[in-house]
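Below is one structure, written out as structure tokens; the observations come after it.
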Amino acid sequence: MANPLIQRATIEEEVRVALATTLRKDAAGIDLDSSIVEDLGATSIDFLDINYRLESTFGIRLATQLLLDHVEEELGEGTAIDKDDKITAAAAGLLEEHLGKRPGLQAGIYAEEVPTFVTPRVLVKSVEGITDALPETCPHCNEAAWKSDDGKILVCGACSKPAEYPDGDELTKRWIHAFEQEHHLFGGG
């Protein structure tokens, strides 16, 4: 269920700001469908900074582990990345669902190429997925009184404790299992 207190437009703007600040770009000129690596020039270290900025802005914890690593951990070694370090057909299907349809995103590409398909829109989706997982009630006082003064950080209106969201890694694992249960790409149940 969408979090009514944090709007998609706010998340999109903050993703642009995080990218612009880290990569020294004009936030207004960042296309949400551009490759963060190929078009914007980000490195793996830049991703750490971008994630930190978004986590601080929204009071969340993004996934620290790569999606394909989670698949391997959850569904078995070799299910997403074959012995030659190439992604499997099943992994390509899962990545297409997660990253969107992108030219060149297909089975047989090297796993190390996958970050080139990450776009600002994927970051928006990641932040939104976490903020949408806000518990209905505060775990400290059991009240349903969430509020936000800035449209980014939520606190309980009853006890003033900050919102506690599931972390990105936990949500990624849940998503992988739900995706597999629906599509049966990896041979699981």
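Measure nothing but the geometry: give the 0 to 90° angle between the long axis through the Cα atoms of 89-99 and the longest principal axis through the Cα atoms of the chain, rounded to 10°.
The angle comes out at about 30 degrees.
For the chain, which longest stretch is free of loop sites, where a loop site is one of the GluC sites (Glu not before Pro) that DSSP puts outside H, G, I, E and B and that has at most 16 other Cβ atoms within 10 Å?
Working: sites that count: E38, E77, E136, E143, E164.
It works out to 78-135.
Go ahead and estimate [θ] at 222 nm for the chain from helices alone: -39,500 (n - 2.57) per DSSP H run with n ≥ 4, summed, over the residue count, rounded to 500.
Numbers: 6 runs with 79 residues, N = 189.
Value at 222 nm, helices only, nearest 500: -13500 deg cm²/dmol.
Pull up all non-local amide H partners of K86: gap of 5 or more, or a different chain, and H-to-H distance under 5 Å with H placed in the peptide plane.
A111
For Q106 and L66, calculate 0.36 nm times their separation in residues minus their Cα-Cα distance, and state this gained length in nm to one decimal.
Details: separation 40, 0.36 × 40 = 14.40 nm, distance 1.73 nm.
Full extension of this stretch gives 12.7 nm more.
Can you list the HN-Hα couplings for the stretch 52-68, worked out from phi with the Karplus curve (6.51, -1.76, 1.60; θ = phi - 60°), rounded to whole Hz and with x for Gly and Pro?
My calculation for the stretch 52-68 gives 4, 4, 5, 4, 5, 5, 10, x, 10, 10, 6, 4, 9, 9, 5, 3, 5 Hz in order.
Return one number: the angle in degrees, 0 to 90 and rounded to the nearest 10, between the long axis of the Cα atoms of helix 120-131 and the longest principal axis of the Cα atoms of the chain.
50 degrees
Any idea what Rg and Dmax come out to for the stretch 50-163 if you just take the C-alpha atoms, in Å?
Radius of gyration, then largest Cα-Cα span, for the stretch 50-163: 17.9, 54 Å.
If I take R0 = 22 Å and measure r between the Cβ atoms of Y52 and K125 in this structure, what FRET efficiency does the formula 1/(1 + (r/R0)^6) give, to the nearest 0.05?
Efficiency computed from Cβ-Cβ geometry: 0.75.
Tell me which aspartates and glutamates have Cα within less than 20 Å of K101's Cα, excluding those fewer than 8 residues away on the same chain?
Within the straight-line cut-off, K101 pairs with E12, D31, D33, E38, D39, E112, E113, E128, E180, E182.
Take the chain, connect every pair of alpha-carbon atoms lying under 10 Å apart with a spring to form a Gaussian network, then pick out the residue of A89, A144, A111 with the largest mean-square fluctuation.
Comparing A89, A144, A111 in the GNM, the peak value goes to A144.
Can you tell me which of A28, A92, A20 moves the most in a GNM of the chain? Springs connect C-alpha atoms under 10 Å apart.
A28
Counting Lys and Arg as +1 and Asp and Glu as -1, each charge on the Cβ, what is the dipole of the chain about the Cα centre in debye, to the nearest 20?
Details: 17 positive and 35 negative charges, 102 e Å.
The dipole magnitude comes to about 500 debye.
By how many nm would the segment from K161 to A178 lengthen if fully extended, with 0.36 nm per residue of separation less the alpha-carbon distance? Kindly include the intermediate steps, with their values, before the conclusion.
Values: separation 17, 0.36 × 17 = 6.12 nm, distance 3.09 nm.
Difference between extended and current length: 3.0 nm.
Classify the stretch 1-72: rounded, prolate or oblate, from the alpha-carbon gyration tensor (a ≥ b ≥ c, eigenvalue square roots; a/c under 1.5 rounded; otherwise prolate if a/b is larger than b/c)? Could you put the intermediate results ahead of the total?
Values: a/c = 1.61, a/b = 1.01, b/c = 1.59.
Oblate shape, in that a/c is at least 1.5 and b/c is the bigger or equal ratio.
Computed FRET efficiency, Cβ-Cβ of E113 and I153, R0 45 Å: what is it to the nearest 0.05? Don't jump to the answer; show the numbers that get you there.
Details: r = 36 Å, r/R0 = 0.79.
Calculated value: 0.80.
Just the number, please: carbon plus sulfur as a percent of the accessible area of the chain, 1.4 Å probe, no ligands or DNA/RNA counted.
Numbers: 4860 of 10180 Å².
The computed percentage sits at 48.
Applying the Karplus parametrisation 6.51 cos²θ - 1.76 cosθ + 1.60 with θ = phi - 60° to the phi angles of the stretch 101-113, what ³J(HN,Hα) value in whole Hz is obtained for each residue in order, glycine and proline being reported as x?
Values per residue, Gly and Pro as x: 6, 9, x, x, 7, 7, 4, x, 6, 5, 4, 5, 7 Hz.
Given the C-alpha centroids of the stretch 24-85 and the stretch 135-160, what is the distance between them in whole angstrom?
28 Å
What are the residues whose amide H is under 5 Å from the amide H of W146, where those residues sit 5 or more places off or on another chain and H is modelled from the backbone?
For W146, the qualifying residues are G157.
Trypsin sites (Lys or Arg not before Pro) within the stretch 94-189: which are DSSP loop residues with at most 12 other Cβ atoms inside 10 Å? Provide the component values of the computation, followed by the final result.
Working: sites: K101, R121, K125, K147, K152, K173, R174; in loops: K101, K152.
Answer in residue order: K101.
For the chain, set up a Gaussian network in which alpha carbons nearer than 10 Å are linked by springs, and say which option among P135, P162, P103 fluctuates the most.
Residue with maximal mean-square fluctuation among P135, P162, P103: P103.
Quick check: with the 1.4 Å probe, what order do L185, L171, L66 take by accessible area, largest first? Show your work: numbers first, answer last.
Working: L185 75, L171 35, L66 115 Å².
Sorted descending by solvent-accessible area, the residues read L66, L185, L171.
How much length would be gained if the chain were fully extended between I45 and E96, taking 0.36 nm per residue of separation minus their Cα-Cα distance, in nm to one decimal?
On the way: separation 51, 0.36 × 51 = 18.36 nm, distance 2.45 nm.
Gain on extension, I45 to E96, equals 15.9 nm.
The values are calculated or read from the model by the stated rules, or taken from the named source; none is laboratory data. From a predicted model like this one, the values you see are computed outputs, not experimental measurements. Positions of Cβ are backbone-derived with ideal geometry, glycine not excepted, and every protein chain shown enters the neighbour counts. Surface accessibility is based on the protein's heavy atoms, side chains included, excluding ligands, DNA and RNA. Shrake-Rupley method; radii C 1.70, N 1.55, O 1.52, S 1.80 Å.
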